[in-house]
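Written out below as structure tokens is the structure these notes cover.
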Amino acid sequence: MFDRKTIRRRRLALAGFLLASLVLISAYVGNPASGLVGILARGTQAAFSPLERGLSRALKPIDDLAGWVHDSLRAKSENERLRAEVARLRRELAEAQIQLHDGRELARLERLTTSAGFPAGTAPVTARVIARSPTVWYSAVTIDRGSADGIRVDQPVVAAGGLVGRVSSVSPHTARVRLITDAASAVAAQLMPDGANGIVRPSVGDPRDLVLDFIQDRRRVKPDAIVITSGFDAGGLASVFPRGIPIGRVTRVDPEEVELYQRVHIRPFADLGQLDIVQVLTRRPTARVGLAQITGARQ
């Protein structure tokens, strides 16, 4: 057991410690910079400052590496986001350009099939060209409509501008179209406004040039005359092409052949080398087309 002196000394020491603590706290609150606590704090800071600077220098490469990794990850994420945004904008631009192109082609087709000179009541079915042979580019194309859509063999096919050809074979969902530039093609045609008749065939060596042969009319054919399908009907044998479909425009007449038959060169209205959207005329026309209508429609 502690004696009374020992207890008293300890109480006095505790009281002295508490009193000293109160004095130090009061001094710091009253003047923290110049007080004893401030002096002790500055001394501690001065003592540990070299160590702090050393640790800071030692840890700086680690901090820099961590910052570089963070910035790199953020830049990579931003780069991926920007690439995705660019890809999305490119897709939208391509879709908009396709829609604009298709809209223009359909508008031109509508102007053709609803013009005054075009045969009425033909019930056109719109189709897209999905294939063509690279070796016989101007011979035939395949379209994405078939017998399930009302397509039949020998139905005429038109594109923006004029005649393209006729259906040569059909499957349920596709059809093959023989172009008027195919070597075996022959179309009964008529010159406007004079009415001279002949047969349109492809020119040898130039797929963009058609030739109108067997014109016996003595009147000289002039450049820029319009050529249409004649739609002849003789003895129950009718042309697969109804009368009034525009074919092309006269570019020149071979001078050496004007004595017997006039050989007329024609540039087709339809761009047969760049076919995309076409229409198949699935019905025979409901009314015959007059010369005045045809001539007026192409002027």
The range 74-117, residues that are closer than 30 Å to Ser230 by Cβ and touching a strand residue (DSSP E or B) at 6+ places or on another chain (Cβ under 8 Å): Glu105, Leu106, Leu109, Leu112, Thr113, Gly117
(1) closer than 24 Å to Thr122 by Cβ; (2) assigned to a loop (DSSP other than H, G, I, E, B); (3) touching a residue at least 24 places away in the same chain (Cβ under 8 Å) all hold for Val221 apart from (1)
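Which members of the range 160-178 meet the condition of being among the aliphatic types (A, V, I, L, M) and modelled with pLDDT under 95?
Ala160, the sole residue that qualifies.
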Looking only at the range 148-195, count how many residues are assigned to a loop (DSSP other than H, G, I, E, B), aliphatic (A, V, I, L, M) and buried (at least 18 other Cβ atoms within 10 Å of the Cβ). 3
Inside the range 252-264, the number of residues satisfying the requirement of being modelled with pLDDT of 75 or more and either out of contact with any Pro (no Cβ under 8 Å at 6 or more places or on another chain) or surrounded by 15 or more Cβ atoms within 10 Å (Cβ to Cβ) (or both) is 4
Could we say that Ser203 is over 25 Å from the mean Cα position of the chain (by Cα) and of a type outside the set (A, V, I, L, M) here? yes
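The values are calculated or read from the model by the stated rules, or taken from the named source; none is laboratory data. This is a predicted model, so every value here is computed, not measured. Neighbour counts are summed over all protein chains in view; Cβ atoms, including those assigned to glycine, are modelled from backbone coordinates with ideal geometry.
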